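Below you'll find the structure, written out as structure tokens, and then a few comments.
The values are calculated or read from the model by the stated rules, or taken from the named source; none is laboratory data. What you are looking at is a predicted structure, and each value in this text was computed from that prediction instead of being measured. Counting neighbours? That spans all protein chains shown, and the Cβs are built from the backbone with ideal geometry, glycine included. We work out accessible area using only protein heavy atoms, side chains counted, and drop any ligands, DNA or RNA first. Shrake-Rupley method; radii C 1.70, N 1.55, O 1.52, S 1.80 Å.
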Amino acid sequence: MIAEFGHYALVLALGLALVQAIVPLWGARTSDATLMNVAGSTALAQFIFAAASFAALTAAYVGSDFSVVNVFENSHSAMPLLYKFTSVWGNHEGSMLLWVLILALFGALVALFGSNLPATLKANALAVQAWIASAFYLFILITSNPFARIAQAPAEGRDLNPILQDIGLAVHPPLLYLGYVGFSISFSFAIAALIDGRIDAAWARWVRPWTLVAWMFLTLGIAMGSYWAYYELGWGGWWFWDPVENASLMPWIAGTALLHSAVVMEKRNALKVWTILLAILAFSLSLLGTFLVRSGVLTSVHTFASDPSRGVFILAILVLFIGGGLALYAWRAPLLKQGGIFAPISREGALVFNNLFLTSACATVFIGTLYPLALEALTGDKISVGAPFFNLTFGPLFVPLLIALPFGPLLAWKRGDLFGAAQRLMWAAALGVVALAATFAIQRGGPVLAPFGVGLAVYVMIGAIIDPIERIGLFRQPFAVAFARARGLPRSAWGTAVAHFAAGMLLFGVIAESQWNSERIVSLKPGESVSVRGYDLTLDNMIQRPGPNYRELVARFSVRRDGAVVDVLEPAKRTFPQRQMSTTEAALMTVGASQLYLSLGDIGSDGAIAVRLYHKPLVLLIWFGCIVMVLGGALSLSDRRLRVGAPKPARHKPSLQPAE
Amino acid sequence: MTRKQRRLSLIGAGLAVLGLAAGLVLYALNDAIVFFNSPTDVVEKHVAPGSRIRLGGLVQPGSLVRGDNLAVRFEVTDGNKSVAVSYTGILPDLFREGQGVVTEGALDAAGTFRADSVLAKHDETYMPKEVADALKKQGHWKTEGGGYGLAGSTKETKQ
Amino acid sequence: MTLWFLFALMTAAAIFAVLWPLGRRRGLGPRGGSDLAVYRDQLDEIVRDRAAGLIGEAEAEAARVEVSRRLIAAADAAKPDAAPLAGATFRRRAAALAVLIALPALAAALYLKLGSPQLPDQQLASRATTPMQNRTLDTLVAQVEDHLAQNPNDGRGWEVVAPVYMRLGRFDDAVKARRNALRLSGASAAREADLGESLMAAANGVVTDDAKAAFERALAYDPKYSKARFFLGVAAYQDGQGSKAADIWRDMLKDAGPDSPWIGMVREALASVGAPSEPASAQQPASGPSAEDIAASEQMKPEDRNAMVRGMVDRLADRLKRDGSDLEGWLRLMRAYMVLGERDRALSALADARRALGHDTDKLRRLDELVKELKLEG
């Protein structure tokens, strides 16, 4: 009954989405407030039914109801409870249900918290949101139904893909989807504005918090995915330029560009046409990412060819929304009025610079990801575009962007003083050069790139915080005064500084990890040792241990530094009998922001085990950088300006008040 | 500056950056991409020793030999031709005889493929796309059962 | 019944969510913000920033002028919120009516097409109280038996349980289940042949007259039905008519498509009666199933495979009893017993083999290798 309840709830959610897609639009065209109001309650109800459906599927997983095909194929009764939850979205059907649930969630959030929006904009945006939702509900119900049943429940499930049985991967997709799908709001707002024909500075302010939320989740999701790949795949790599990763990176870059151009639009009423285009592109790239990952085009011709209905359906969705969005844009955008004027050297100019480089970088990723597919379709040649390609294209484009980054916040709107800004950045540049020289001296003959990278990273970090430091008069004023001024500084300014600082951290981590990483691959017998960067690791023993649904071979290493034991590491190889698969569990030892990384290979015929040992200096800065960047976003989000226009609670009792 | 000049300067800057990006892409595409070859391609096209390629196919059952110091040798086959591969390092979790594999490296003068990386697959139903296509071309693709393997040419079972 | 009640409730809730705003008449002016509020706030912000010394006076003044201009433009553009109401009642009623009809209709149509309302939940906890690890096939079978005791006319149930009985070696029960399935679900080539197979298994691999009759009935439904033909061949062989058996099997091979999974088995059977299946494969050593045959047999259902293996093993044992010099045959026989889980018979086969091969050291060495591999001794 629970499964059928979920199935019916999903069908009803589709029905409600269709209502929400049509009625408010009719209301907006006829200026009928009553019809427009339908959008809000319908969006909430649609979310509730989607959530009920998701909850039902989760219940089926937790209760190991193998009469549900999806549960049978992806679960196992002996699996730990946590993974029974996470396996709900560890497969195609469930993950699409999660996707559409998040879509409905964002719709419901706009319905609840969008009371500061003009009624027509809100109605139109929710209607567009519902078109997307309807398409995905149909997709799920017709091609990927998670509630398909088997009359006789099999005795045991097939287990979740072992590589997915990991906490990192458990939280990664929901975060990523919150990001992907969050851009649907920017998209819906852009389409709604195009339908309405009225786009101005206020639009940017309304859409900015939603974009910011989506961007924050996407940042976290990508960082989490990267960390998961780092420790679960056993290769010590944190970014592979794999098409699946690129699929999430592209909307992130477009979203970052959108965040910046929306600032210009909000402050100066300029770059309107461009901002709308970015809003459409960011979500289009999210859809493309979903298509690339879900249609099976990338991973295997086999899955795509054996079940083309899915791929073709997603392709149709893709064409409908991207094509439709861009066509509407081409038709309506020329009608927009010109905005404010600015000189090339100005805050606006800096943000345009940022946008140019970000979109170009995004375009290179796009080409690198899709070129092999296109080439194969046209000529039949198969090529692989890997890290070298992206390092050659993406890297050079980011260097000028990072050099220009600290200038932006220092330039005034309209007409800036480049010389003045450069003077204020003297300190940052000086410290950067010092860092460069110091690195050069310390590493003596190490990788050439490293000193320059470190110098640039230091420059970006210091340059990012110069603006707030000067503004609050730190070091020049008594601390109490500076503190009071710091409180007075808009949160968004803090957010900018923190996020830009984080970009420097991230760069530092990337440079340190890629340039100074040391690797040892050896095969060891118990009692033998291996050394890296002053750490001596001795293989003490190897034991077999049973887990809940796997067996693992654990190798115990003691880590010594200068003869004293500092840690014991236990990397393992797990074997999952249900799927005849094994996974590598790397063991990590963290020292500051650096890590020792130890993973196991196979046992050779002589009883020695293959061991892969890395020392990864400052590698954690990569993910710390992402987290700090998200904190910057959160600071900016908490700025009171973004909540402007919300009606005072006492004035009017809103029709649907959330229980806060 | 007038509106027109402003617009022109914007467009100019945009074109310059795009030009830079395009230049980088073209340069990188010449330099940093690797062609994929099946064993049949390698044998029939006479791939030059030393040029970097990807070689993909199935690991010939029974061909895996482990040497000292993590050296391994195995053969990659597409059912038609096979190429000997040598590699030093740790093989991915999902490396198994009879399963799909993609290796990257170059041929040496003796015709052995010296791989410097053996690609990990993400899950057990994931056949590297190039391998799947190469096998299909050779008519050794087995569709049923969700699995894949080297099917004898007499049992091309297609329902 | 509860389920349909629940569905009705859910539908009502969904309709209510749409109708509720349509039904409200009061206080529904287009509430919500407008851009005026945003621009007023931007003006406030300029004042604040100026007061905090974050921007210069000239900058503040320029910004103020610009925002004010936007504010005025927005105020001009803001239409007085009136006007819409022509036809409002009609629209409301039309929308309400459409939703009232379309929503349940769509939901019902789609769900009835996709859903399985007749299926109850089968959560693990309700399927068995013991944890999964401790559950044996027997308890599952017991559950099915309970179900069948209450619903003896469930033909599908009998059909599902029959192969399980076969695998558990409960051949008599399998025969009963097959007969019930046949009676309740109607006769077909497959059901008749399955019955024959069960009967044969119940008679320790001997094709009894009953079994033979069943196979013949199967062929009456489908003259090309391979399982029945194969076992009729076995029947002929067991009757001592080796050439007739070979004829039947050779005919099967002639009809075989390239993808028939049983080709290997038939060839094997032919080889075991000493008849070549076709000139080409005559050169194949008749010693063991080729890789292809094994692959082919892997595509068969396990119960089919088991029965076939059992039949072949028995024949092989007979042959080796008559002529014990075939080392490959002995090796194959022992492997087969181990696969079937019959360790004792494997051991006695080993003893027989040692006796028969007694003088050939090379062959004995290979025998010992196998013993080690199978971990038969020690």
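Out of the residues in the range B:20-44 that are charged (D, E, K, R) and farther than 14 Å from B:Ala106 by Cα, which is farthest from the other protein chains (Cβ to nearest Cβ)?
Per the stated criteria, the residue is B:Glu44.
Name the residues in the range B:17-45 that are open to solvent by less than 30 Å² (accessible area, probe 1.4 Å) and more than 20 Å from A:Gly386 (Cβ to Cβ), would you?
Across the range B:17-45, the qualifying residues are B:Val17, B:Pro39, B:Thr40.
Against the condition open to solvent by less than 50 Å² (accessible area, probe 1.4 Å) and more than 28 Å from B:Ser38 (Cβ to Cβ), how does A:Ala441 come out, does it pass?
Spelling it out, it is not the case that A:Ala441 is open to solvent by less than 50 Å² (accessible area, probe 1.4 Å) and more than 28 Å from B:Ser38 (Cβ to Cβ).
Do we find that A:Met505 is open to solvent by 40 Å² or more (accessible area, probe 1.4 Å) and among the aliphatic types (A, V, I, L, M) in this structure?
Criteria not met by A:Met505.
Just to verify a result, which residue in the range A:257-275, among those that are β-branched (Val, Ile, Thr) and surrounded by 24 or more Cβ atoms within 10 Å (Cβ to Cβ), is modelled with the highest pLDDT?
A:Thr275
Between a residue in the range A:412-427 that is over 15 Å from A:Pro468 (Cα atoms) and any residue that is open to solvent by less than 100 Å² (accessible area, probe 1.4 Å) and among the basic types (Lys, Arg), which pairs come within a Cβ distance under 6 Å, given they are 6 or more apart or on different chains?
Correct list of pairs: A:Trp413/A:Arg347.
So, A:Ala429, is that one assigned to a helix (DSSP H, G or I), in contact with a helix residue (DSSP H, G or I) (Cβ under 8 Å, 6 or more places away or on another chain) and open to solvent by less than 20 Å² (accessible area, probe 1.4 Å) or not?
no
In the range B:74-123, what residues are in contact (Cβ under 8 Å) with a residue 40 or more places away in the chain, charged (D, E, K, R) and more than 11 Å from every other protein chain (Cβ to nearest Cβ)?
Result: B:Asp78, B:Lys81, B:Asp108.
Limited to the range A:226-235, what total is found for residues that are crowded, with 23+ Cβ neighbours inside 10 Å and either closer than 23 Å to A:Phe183 by Cα or within 11 Å of another protein chain (Cβ to nearest Cβ) (or both)?
Total satisfying the criteria: 2.
Taking A:Ile191, is it in contact with a helix residue (DSSP H, G or I) (Cβ under 6 Å, 6 or more places away or on another chain) and outside any helix (DSSP H, G or I)?
no
For the range A:462-488, give me each residue that is closer than 25 Å to A:Leu397 by Cα and open to solvent by 30 Å² or more (accessible area, probe 1.4 Å).
Passing the criteria: A:Ile462, A:Ile465.
Looking for whichever is open to solvent by less than 30 Å² (accessible area, probe 1.4 Å), modelled with pLDDT under 90 and over 30 Å from B:Tyr87 (Cβ atoms) here; the options are A:Ser492, A:Ser582. Which one fits?
After applying the criteria, what remains is A:Ser492.
Looking at the range C:201-233, which of its residues are over 17 Å from C:Met252 (Cα atoms), open to solvent by 60 Å² or more (accessible area, probe 1.4 Å) and in a loop (DSSP other than H, G, I, E, B)?
C:Asn204, C:Val206
If you check A:Ile403, A:Ile383, which single one turns out to be β-branched (Val, Ile, Thr) and either in contact with a Gly (Cβ under 8 Å, 6 or more places away or on another chain) or within 9 Å of chain B (Cβ to nearest Cβ) (or both)?
Answer to the selection: A:Ile383.
Could you tell me how many of the residues in the range A:75-89 are under 19 Å from A:Phe139 (Cβ atoms) and open to solvent by 20 Å² or more (accessible area, probe 1.4 Å)?
The qualifying residues number 1.
Test A:Val454 against the stated conditions and say whether it is under 20 Å from A:Leu618 (Cβ atoms), modelled with pLDDT of 90 or more and surrounded by fewer than 17 Cβ atoms within 10 Å (Cβ to Cβ).
no
Given the structure, is A:Arg612 touching a residue at least 24 places away in the same chain (Cβ under 8 Å), touching a strand residue (DSSP E or B) at 6+ places or on another chain (Cβ under 7 Å) and open to solvent by 60 Å² or more (accessible area, probe 1.4 Å)?
It is false that A:Arg612 is touching a residue at least 24 places away in the same chain (Cβ under 8 Å), touching a strand residue (DSSP E or B) at 6+ places or on another chain (Cβ under 7 Å) and open to solvent by 60 Å² or more (accessible area, probe 1.4 Å).
Among the listed residues C:Ala73, C:Ala105, C:Ala96, C:Ala142, which satisfies the condition of being at pLDDT 75 or above, over 30 Å from C:Leu19 (Cβ atoms), more than 7 Å from chain A (Cβ to nearest Cβ) and in a helix (DSSP H, G or I)?
Criteria check complete, one pass: C:Ala73.
If you take the residues of the range C:37-54 that are touching a helix residue (DSSP H, G or I) at 6+ places or on another chain (Cβ under 6 Å) and surrounded by fewer than 17 Cβ atoms within 10 Å (Cβ to Cβ), which of them is modelled with the lowest pLDDT?
Filtering first and then ranking leaves C:Ala52.
Could you tell me how many of the residues in the range A:588-609 are open to solvent by less than 10 Å² (accessible area, probe 1.4 Å), over 18 Å from A:Met224 (Cβ atoms) and either more than 14 Å from every other protein chain (Cβ to nearest Cβ) or part of a helix (DSSP H, G or I) (or both)?
Result for the range A:588-609: 1.
To keep it simple, each residue is scored yes or no on (1) out of contact with any helix residue (DSSP H, G or I) (no Cβ under 8 Å at 6 or more places or on another chain); (2) touching a residue at least 40 places away in the same chain (Cβ under 8 Å).
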{"position": "C:Glu197", "(1), (2)": "no, yes"}
{"position": "C:Ala228", "(1), (2)": "no, no"}
{"position": "C:Asp239", "(1), (2)": "yes, no"}
{"position": "C:Ala246", "(1), (2)": "no, no"}
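Can you name every residue in the range C:165-189 that is open to solvent by 40 Å² or more (accessible area, probe 1.4 Å), hydrophobic (A, V, I, L, M, F, W, C) and under 25 Å from A:Ile150 (Cβ atoms)?
Passing the criteria: C:Leu168, C:Leu184.
Please determine whether any residue of the range A:486-504 is more than 30 Å from A:Leu411 (Cα to Cα) and either of a type in the set (Lys, Arg) or within 14 Å of another protein chain (Cβ to nearest Cβ) (or both).
The answer is no; no qualifying residue exists.
Take the range A:190-225 and flag every residue that is more than 14 Å from chain C (Cβ to nearest Cβ), of a type in the set (A, V, I, L, M) and either open to solvent by 20 Å² or more (accessible area, probe 1.4 Å) or more than 22 Å from the chain's Cα centre (by Cα) (or both).
A:Ile191, A:Leu194, A:Ile195, A:Val213, A:Met216, A:Leu220, A:Ile222, A:Met224
Could you list all residues from the range C:326-371 that are of a type in the set (Lys, Arg) and either without any contact (Cβ under 8 Å) to a residue 24 or more places away in the chain or outside the structural domain of C:Leu316 (by TED's automatic domain parsing) (or both)?
Within the range C:326-371, C:Arg345, C:Arg354, C:Arg365 meet the criteria.
For the range A:276-292, name all the residues that are open to solvent by 10 Å² or more (accessible area, probe 1.4 Å) and among the aliphatic types (A, V, I, L, M).
Scanning the range A:276-292 gives A:Leu277, A:Leu281, A:Leu285, A:Leu288.
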